[in-house]
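What follows is a set of notes on a single structure, which appears directly below.
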Protein chains: 2
Amino acid sequence: MPASVTNLLDSLPSSLTAELFETLIKTPELRIERILSDGQVTPEGQWYDQAEDEWILLLQGAAHIQYADGREVALTVGDSLLLPARCQHRVSWTTEDEITVWLAVFYPPSQ
Amino acid sequence: MPASVTNLLDSLPSSLTAELFETLIKTPELRIERILSDGQVTPEGQWYDQAEDEWILLLQGAAHIQYADGREVALTVGDSLLLPARCQHRVSWTTEDEITVWLAVFYPPSQ
(Lines give C-alpha, C1' and ligand atoms only; values in the text may rest on other atoms or scores of the structure.)
Protein backbone atom coordinates (compact mmCIF):
# COMPACT_ATOMS: atom_id res chain seq x y z
CA MET A 1 0.00 0.00 0.00
CA PRO A 2 1.24 3.49 -0.73
CA ALA A 3 2.35 5.55 2.24
CA SER A 4 0.47 8.65 3.29
CA VAL A 5 1.29 12.27 2.59
CA THR A 6 3.57 14.11 5.03
CA ASN A 7 3.85 17.87 4.85
CA LEU A 8 7.33 19.13 5.72
CA LEU A 9 6.24 22.74 6.34
CA ASP A 10 3.09 22.23 8.42
CA SER A 11 2.94 22.06 12.21
CA LEU A 12 6.41 23.48 12.77
CA PRO A 13 7.38 24.34 16.34
CA SER A 14 7.27 28.08 17.08
CA SER A 15 10.78 27.95 18.57
CA LEU A 16 13.55 25.43 19.18
CA THR A 17 16.24 25.26 21.84
CA ALA A 18 18.35 22.98 19.60
CA GLU A 19 18.40 21.85 15.98
CA LEU A 20 15.92 19.08 15.26
CA PHE A 21 16.89 16.16 12.99
CA GLU A 22 14.19 13.87 11.65
CA THR A 23 14.76 10.87 9.38
CA LEU A 24 12.13 10.65 6.64
CA ILE A 25 13.54 7.80 4.54
CA LYS A 26 16.28 5.34 5.42
CA THR A 27 17.61 2.50 3.28
CA PRO A 28 21.08 0.90 3.16
CA GLU A 29 22.04 3.34 0.38
CA LEU A 30 20.18 6.50 1.32
CA ARG A 31 18.98 8.71 4.14
CA ILE A 32 16.60 11.63 3.70
CA GLU A 33 16.32 13.98 6.68
CA ARG A 34 14.37 17.08 7.55
CA ILE A 35 16.40 19.42 9.72
CA LEU A 36 14.91 22.37 11.60
CA SER A 37 17.02 25.30 12.81
CA ASP A 38 15.96 28.35 14.79
CA GLY A 39 19.01 30.56 14.83
CA GLN A 40 21.31 27.68 15.76
CA VAL A 41 24.74 27.31 14.17
CA THR A 42 27.48 24.70 14.26
CA PRO A 43 29.75 25.68 17.17
CA GLU A 44 32.66 27.88 16.09
CA GLY A 45 35.69 25.82 15.06
CA GLN A 46 33.64 22.63 14.67
CA TRP A 47 33.24 21.08 11.22
CA TYR A 48 31.07 18.44 9.61
CA ASP A 49 33.51 16.03 7.93
CA GLN A 50 31.33 13.30 6.49
CA ALA A 51 31.94 9.99 4.74
CA GLU A 52 28.82 10.48 2.61
CA ASP A 53 27.84 13.01 0.01
CA GLU A 54 25.09 15.31 1.28
CA TRP A 55 22.70 17.18 -0.99
CA ILE A 56 20.76 19.92 0.74
CA LEU A 57 17.73 21.99 -0.23
CA LEU A 58 16.41 24.92 1.78
CA LEU A 59 12.61 24.70 2.04
CA GLN A 60 12.04 27.66 4.37
CA GLY A 61 14.10 30.30 6.15
CA ALA A 62 17.65 31.38 5.41
CA ALA A 63 21.10 30.07 6.27
CA HIS A 64 24.81 30.36 5.62
CA ILE A 65 27.21 27.47 5.06
CA GLN A 66 30.88 28.07 5.73
CA TYR A 67 33.73 26.00 4.32
CA ALA A 68 37.05 25.30 6.03
CA ASP A 69 38.83 27.63 3.57
CA GLY A 70 36.72 30.50 4.92
CA ARG A 71 34.35 30.83 1.99
CA GLU A 72 30.70 31.23 2.92
CA VAL A 73 27.56 30.73 0.85
CA ALA A 74 24.16 32.25 1.61
CA LEU A 75 21.15 30.00 1.07
CA THR A 76 17.58 31.13 0.58
CA VAL A 77 14.37 29.23 -0.17
CA GLY A 78 14.77 26.86 -3.12
CA ASP A 79 18.56 26.85 -2.98
CA SER A 80 20.24 23.47 -3.30
CA LEU A 81 23.87 22.61 -2.69
CA LEU A 82 26.01 19.49 -2.91
CA LEU A 83 28.35 18.97 0.04
CA PRO A 84 30.73 16.25 -1.17
CA ALA A 85 32.07 13.68 1.27
CA ARG A 86 35.03 14.99 3.26
CA CYS A 87 34.21 18.59 2.32
CA GLN A 88 34.45 20.21 5.73
CA HIS A 89 31.64 22.63 6.38
CA ARG A 90 29.57 24.17 9.14
CA VAL A 91 26.30 26.03 9.44
CA SER A 92 27.54 29.53 10.26
CA TRP A 93 24.17 31.32 10.42
CA THR A 94 20.45 30.59 10.39
CA THR A 95 17.75 33.22 10.60
CA GLU A 96 15.97 33.88 13.88
CA ASP A 97 12.94 35.31 12.03
CA GLU A 98 11.38 31.92 11.37
CA ILE A 99 12.19 28.23 11.55
CA THR A 100 14.64 27.23 8.83
CA VAL A 101 13.63 23.94 7.17
CA TRP A 102 16.34 21.92 5.43
CA LEU A 103 15.97 18.82 3.33
CA ALA A 104 19.16 16.72 3.40
CA VAL A 105 19.85 13.63 1.28
CA PHE A 106 22.85 11.51 2.32
CA TYR A 107 24.26 8.82 0.02
CA PRO A 108 27.56 7.04 -0.75
CA PRO A 109 30.03 9.26 -2.58
CA SER A 110 30.04 8.69 -6.31
CA GLN A 111 33.83 8.85 -6.67
CA MET B 1 35.86 21.94 -4.41
CA PRO B 2 32.28 22.30 -3.29
CA ALA B 3 29.68 22.70 -6.00
CA SER B 4 27.77 25.91 -6.45
CA VAL B 5 24.28 26.78 -5.31
CA THR B 6 21.38 25.99 -7.64
CA ASN B 7 17.97 27.46 -6.93
CA LEU B 8 15.14 25.13 -7.92
CA LEU B 9 12.44 27.83 -7.91
CA ASP B 10 14.21 30.65 -9.77
CA SER B 11 14.11 31.26 -13.51
CA LEU B 12 11.16 28.97 -14.17
CA PRO B 13 9.65 29.04 -17.65
CA SER B 14 6.36 30.96 -17.83
CA SER B 15 4.67 28.05 -19.59
CA LEU B 16 5.49 24.55 -20.81
CA THR B 17 4.13 22.49 -23.69
CA ALA B 18 5.31 19.27 -21.99
CA GLU B 19 6.58 18.19 -18.60
CA LEU B 20 10.25 18.96 -18.08
CA PHE B 21 12.54 16.43 -16.35
CA GLU B 22 15.94 17.54 -15.11
CA THR B 23 18.49 15.32 -13.35
CA LEU B 24 20.17 17.13 -10.46
CA ILE B 25 22.16 14.27 -8.91
CA LYS B 26 22.95 10.86 -10.38
CA THR B 27 24.96 8.08 -8.77
CA PRO B 28 24.71 4.30 -9.21
CA GLU B 29 22.35 4.17 -6.19
CA LEU B 30 20.42 7.40 -6.51
CA ARG B 31 18.82 9.88 -8.86
CA ILE B 32 17.43 13.26 -7.81
CA GLU B 33 15.26 15.01 -10.39
CA ARG B 34 13.41 18.27 -10.63
CA ILE B 35 10.21 17.90 -12.61
CA LEU B 36 8.17 20.85 -13.90
CA SER B 37 4.50 20.54 -14.84
CA ASP B 38 2.17 23.16 -16.28
CA GLY B 39 -1.24 21.52 -16.24
CA GLN B 40 0.13 18.32 -17.79
CA VAL B 41 -1.06 14.91 -16.56
CA THR B 42 -0.09 11.32 -17.27
CA PRO B 43 -2.29 10.19 -20.19
CA GLU B 44 -5.51 8.52 -19.04
CA GLY B 45 -5.06 4.76 -18.60
CA GLN B 46 -1.25 5.03 -18.50
CA TRP B 47 0.58 4.17 -15.26
CA TYR B 48 4.06 4.60 -13.89
CA ASP B 49 5.15 1.11 -12.78
CA GLN B 50 8.71 1.54 -11.57
CA ALA B 51 11.46 -0.78 -10.38
CA GLU B 52 12.71 1.88 -7.95
CA ASP B 53 11.18 3.54 -4.93
CA GLU B 54 10.37 7.19 -5.61
CA TRP B 55 10.05 9.81 -2.89
CA ILE B 56 8.45 13.03 -4.05
CA LEU B 57 8.18 16.50 -2.55
CA LEU B 58 6.06 19.30 -3.98
CA LEU B 59 8.05 22.55 -3.95
CA GLN B 60 5.54 24.77 -5.77
CA GLY B 61 2.10 24.46 -7.31
CA ALA B 62 -0.49 21.75 -6.74
CA ALA B 63 -1.06 18.23 -8.08
CA HIS B 64 -3.03 15.04 -7.71
CA ILE B 65 -1.59 11.52 -7.77
CA GLN B 66 -3.94 8.68 -8.66
CA TYR B 67 -3.35 5.01 -7.82
CA ALA B 68 -4.48 2.04 -9.89
CA ASP B 69 -7.14 1.23 -7.29
CA GLY B 70 -8.79 4.57 -8.02
CA ARG B 71 -7.69 6.39 -4.90
CA GLU B 72 -6.37 9.89 -5.43
CA VAL B 73 -4.25 12.12 -3.19
CA ALA B 74 -4.02 15.90 -3.42
CA LEU B 75 -0.58 17.43 -2.96
CA THR B 76 0.18 20.99 -2.00
CA VAL B 77 3.44 22.81 -1.26
CA GLY B 78 5.58 20.94 1.28
CA ASP B 79 3.76 17.64 0.80
CA SER B 80 5.94 14.56 0.48
CA LEU B 81 4.91 11.07 -0.54
CA LEU B 82 6.64 7.72 -0.97
CA LEU B 83 5.72 5.87 -4.15
CA PRO B 84 7.06 2.35 -3.55
CA ALA B 85 8.47 0.33 -6.44
CA ARG B 86 5.73 -1.37 -8.47
CA CYS B 87 3.06 0.88 -6.96
CA GLN B 88 1.23 1.89 -10.10
CA HIS B 89 0.41 5.58 -10.15
CA ARG B 90 -0.18 8.49 -12.47
CA VAL B 91 -0.27 12.27 -12.22
CA SER B 92 -4.00 12.92 -12.63
CA TRP B 93 -3.96 16.70 -12.23
CA THR B 94 -1.56 19.64 -12.00
CA THR B 95 -2.58 23.25 -11.59
CA GLU B 96 -2.60 25.59 -14.57
CA ASP B 97 -2.24 28.63 -12.28
CA GLU B 98 1.52 28.33 -11.99
CA ILE B 99 4.36 25.93 -12.78
CA THR B 100 4.29 22.93 -10.44
CA VAL B 101 7.78 22.05 -9.20
CA TRP B 102 8.41 18.50 -8.00
CA LEU B 103 11.48 17.09 -6.35
CA ALA B 104 11.77 13.35 -6.99
CA VAL B 105 14.34 11.00 -5.41
CA PHE B 106 14.67 7.53 -6.99
CA TYR B 107 16.53 4.72 -5.23
CA PRO B 108 16.59 0.92 -5.01
CA PRO B 109 13.62 -0.48 -3.10
CA SER B 110 14.45 -1.28 0.51
CA GLN B 111 12.56 -4.58 0.53
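Label-point spacing for B:Leu16 across the identical copies (point 7 Å from Cα in the Cβ direction), in nm and ascending order: 3.0.
Compactness of the protein assembly as shown was expressed as the Cα radius of gyration divided by 2.2 N^0.38 Å, which yields 1.03.
Relative contact order of chain A, taken over Cα pairs closer than 8 Å and 6 or more residues apart, is 34 percent.
Across the alpha-carbon atoms of the stretch B:20-107, the computed radius of gyration and Dmax are 12.3, 36 angstrom. Projecting the Cα positions of A:Phe21, A:Val105, A:Ala63 onto the charge dipole of the stretch A:20-107 (unit charges on Cβ atoms of Lys, Arg, Asp and Glu, taken about the Cα centre) puts A:Val105 furthest along the positive direction. Comment: the Cα-to-Cβ extended label point of B:Pro43, at 7 Å, lies 6.0 nm from its counterparts in the other copies, nearest first. Centroid-to-centroid, using Cα positions, the stretch A:97-111 and the stretch B:77-101 are 21 Å apart.
For the stretch A:2-81, applying the loop criterion from DSSP together with a ceiling of 16 other beta carbons within 10 Å to the trypsin sites (Lys or Arg not before Pro) yields A:Arg71. Sites listed here are GluC sites (Glu not before Pro) in the stretch A:36-111 whose DSSP assignment is loop and whose Cβ has at most 10 other Cβ atoms within 10 Å: A:Glu44. Carbon-plus-sulfur accessible fraction, the stretch B:20-107 (probe radius 1.4 Å, protein heavy atoms only): 48%. Copy-to-copy label distances for A:Glu96, where each label lies 7 Å from Cα along Cα-to-Cβ, are 4.8 nm in order of increasing length. Interface between chains A and B: roughly 2800 Å² of accessible area buried, both sides summed (probe 1.4 Å, protein heavy atoms only).
Could you tell me how many cubic angstrom of Cα convex hull volume the stretch A:54-104 has per residue?
Residue-normalised Cα hull volume stands at 62 Å³.
Surface analysis of the stretch B:20-107 yields an accessible area of 42 Å² per residue, using protein heavy atoms and a 1.4 Å probe. Placing +1 on the Cβ of each Lys and Arg and -1 on the Cβ of each Asp and Glu in chain B, which of B:Trp93, B:Val73, B:Ile32 has its Cα farthest towards the positive end of the resulting dipole? Comparing the listed Cα positions along the dipole, B:Ile32 ranks first. Looking at the stretch B:1-31, none of the GluC sites (Glu not before Pro) sits in a DSSP loop with at most 12 other Cβ atoms within 10 Å of its own Cβ.
For the stretch B:20-107, the dipole from Cβ point charges (+1 on Lys and Arg, -1 on Asp and Glu) about the Cα centre works out to 220 debye, to the nearest 20. Any chance you could check the Cα centroid distance between the stretch B:8-39 and the stretch A:1-65 for me, in angstrom? So the two Cα centres are separated by 22 Å.
Counting only protein heavy atoms and using a 1.4 Å probe, the accessible area of B:His89 comes to about 10 Å².
The values are calculated or read from the model by the stated rules, or taken from the named source; none is laboratory data. The structure presented is a predicted model; accordingly, all values stated were derived computationally and were not measured. All Cβ positions, even for glycine, are placed from backbone atoms using ideal geometry, and neighbour counts span all protein chains on display. Accessible surface areas use protein heavy atoms only, side chains included; no ligands, DNA or RNA. Shrake-Rupley method; radii C 1.70, N 1.55, O 1.52, S 1.80 Å.
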